[in-house]
Amino acid sequence: MSHNDTVPLYQSSQSDIDEIENMMSEGFQSGPGTVLPARPPSPIRPSIPVTSSPFVQSNLPPLPPPSQKVMPAPVPPPSLPSSAVNFGGSSEGGKTIGGSGFGSPPNTLTEPVWDTVKRDLSRIVSNLKLVVFPNPNREDPGKALRDWDLWGPFFFIVFLGLTLSWSASVKKSEVFAVAFALLAAGAVILTLNVLLLGGHIIFFQSLSLLGYCLFPLDVGAVICMLKDNVILKMVVVCVTLAWSSWAAYPFMSAAVNPRRKALALYPVFLMYVSVGFLIIAID
Amino acid sequence: MDPNQAPVENYANPKTCLFHVLFKGAALAFYILSALFFNSFVIIFVVTVLLAALDFWVVKNVSGRILVGLRWWNEINDLGESVWKFESLDQESLARMNKKDSWLFWWTLYLAAAAWFILGVFSLIRFQADYLLVVGVCLSLNVANIIGFTKCKKDAKKQLQQFASQTIASRFQSTVQSAFTLV
């Protein structure tokens with residue numbers, strides 16, 4: 001029975017079918033209804049690790065080069081009966097490498113909670129480094145923020161709102177609400193702007209990017225909160241504004257037609273300028 | 001204990017169930033009761049949204065896996081397209097899942113979304129735009145989880161059907177082949 005006549009909609013579907021088939025063929029030999037004897041030792045949970053690696057067979061669409069992959073090293077434990085369980089076993093060793101930034105590791109259903117937390121935190125840090133700081137991956141923007149997440153942007157927006165609200169001497173609640181709504185709605189509208197200009201960008205990827213680019217403004221807002229000198233505030237805001245715009249530039253400009261680059265970038269710059277004004281004007 | 005018996009009467013994962021309900025309940029309770037204690041909208045907003053975000057993370061990454069064996073996420077492949085990935089345990093483990101656990105999981109998900117919706121209607125009636133913002137954020141987080149897990153469950157069912165039809169076809173084929181070899 002070949003796998004080629006089923007169309008794998010999702011990679012995990014195909015892998016599950018592979019694995020269930022292997023289990024069934026084992027079952028035919030050892031009698032139906034018996035459970036396979038030697039499962040890989042699972043952590044203390046009622047669920048059993050059986051989902052095999054989606055990145056296994058060659059009937060998958062072209063994969064990125066192996067250096068980026070979380071592919072489990074070829075160390076087949078000889079004691080396991082079926083090849084499917086083999087993948088489950090060897091990918092348990094590989095599943096904690098997930099912070100490499102490509103995406104979730106293969107067998108994530110049974111990893112300990114702490115692993116998930118670590119993976120998400122490391123993803124936030126790596127996304128931040130990718131977007132805001134100079135690094136070689138900025139040459140290829142599409143590949144860079146592949147592993148988008150919205151936690152970083154969420155923290156940065158809330159932090160900026162809190163900082164602005166703290167600096168305000170009156171109407172703190174309104175300041176916070178306005179800052180939050182402005183940033184969130186602004187990110188959504190800017191993304192829609194790029195999409196309507198015929199650009200190729202994923203909605204959430206762009207939201208994530210615009211959120212991460214707020215990090216320099218966060219730093220600027222903290223500095224302005226600590227020191228109340230107007231000149232200093234203006235200098236700091238200009239510097240951080242330029243930094244934010246520089247961070248957002250390659251991703252936004254790569255997404256649209258070159259003739260429409262300015263149309264896509266100008267609103268981003270405008271939004272950061274307005275946030276900058278908010279920071280300066282708060283006293 | 002034979003796992004193929006009727007499901008156990010108690011929750012199989014009490015701690016996970018507790019956490020699943022804890023953050024949802026805390027967010028709702030804080031939002032409803034906070035007006036009595038705090039004057040500042042900022043604190044209400046930040047704490048409620050933080051609790052709702054924590055709840056979203058817990059449901060998506062922990063209780064979804066443990067209580068119903070499902071997981072969903074989004075990846076961007078090489079061609080730059082966004083792909084929604086769904087992962088589920090195989091049929092045997094899914095059948096072995098505690099019924100009470102999954103009942104709790106799904107019902108609290110729906111109830112929380114309904115509660116936020118009702119609170120949103122209240123704040124709309126009272127023309128409180130800033131509270132509507134809070135409710136909007138929490139509602140969208142809940143709805144995202146509901147949609148994600150529902151799609152994941154449908155995907156798991158579809159895989160089961162595909163697998164079932166595949167094995168029926170393969171068994172039929174092998175039966176016919178063995179019939180022909182015997183003849």
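For the residues B:15, B:60, A:227, a 1.4 Å probe over the protein chains yields an accessible-area ranking, largest first, of B:15, A:227, B:60.
Estimated at the nearest 10 Å², the accessible area of residue B:11 is 90 Å² with a 1.4 Å probe. Per-residue SASA remark: residue A:283, around 120 Å² accessible (1.4 Å probe; ligands, DNA and RNA not included).
Counting, for every residue in B:71-77, the Cβ atoms of other protein chains within 10 Å of its Cβ and taking the mean gives 6. For the residues B:160, B:139, a 1.4 Å probe over the protein chains yields an accessible-area ranking, largest first, of B:160, B:139.
The residues A:166, B:107, B:116, sorted by heavy-atom accessible surface at 1.4 Å with ligands and nucleic acids left out, run A:166, B:107, B:116 from largest to smallest. Solvent exposure of residue B:100, expressed as accessible area, is near 80 Å², computed with a probe of 1.4 Å over the protein chains only. Split the accessible area of the stretch B:14-181 by element, probe 1.4 Å, and carbon with sulfur accounts for 73%.
Cross-link reach is defined here as a Cα-Cα straight distance under 19 Å, omitting same-chain residues fewer than 8 places apart; for residue B:24 the lysines meeting it are B:15, B:60, B:100.
For chain B, what does the alpha-carbon gyration tensor say about shape, rounded, prolate or oblate, given a ≥ b ≥ c as the root eigenvalues, a/c under 1.5 as rounded, and a/b over b/c as prolate? Prolate shape, in that a/c is at least 1.5 and a/b is the bigger ratio.
Estimated from the Cβ-Cβ distance and a Förster radius of 22 angstrom, the FRET efficiency linking residue B:110 and residue B:140 is about 0.90.
Relative to the Cα centre, the charge distribution of the stretch B:42-183, modelled as +1 at Lys and Arg Cβ and -1 at Asp and Glu Cβ, gives a dipole magnitude of about 480 debye. Chains B and A together bury roughly 4500 Å² of accessible surface, counting both sides and using a 1.4 Å probe on protein heavy atoms. Solvent exposure of the stretch B:14-181, expressed per residue, is 50 Å² of accessible area, with all protein chains present and a 1.4 angstrom probe. Beyond 25 Å between alpha-carbons counts as too far, so tell me which of B:99/B:151; A:118/B:158; A:129/B:153 fall in that bin. Distance filter (> 25 Å) returns A:118/B:158; A:129/B:153.
The values are calculated or read from the model by the stated rules, or taken from the named source; none is laboratory data. A quick note: this is a predicted structure, and the numbers were derived from the prediction, not measured. A quick note on method: Cβ atoms are made from the backbone with ideal geometry, for glycine too, and the neighbour counts reach across all protein chains shown. SASA here: full protein model, heavy atoms, side chains in, ligands and nucleic acids out. Shrake-Rupley method; radii C 1.70, N 1.55, O 1.52, S 1.80 Å.
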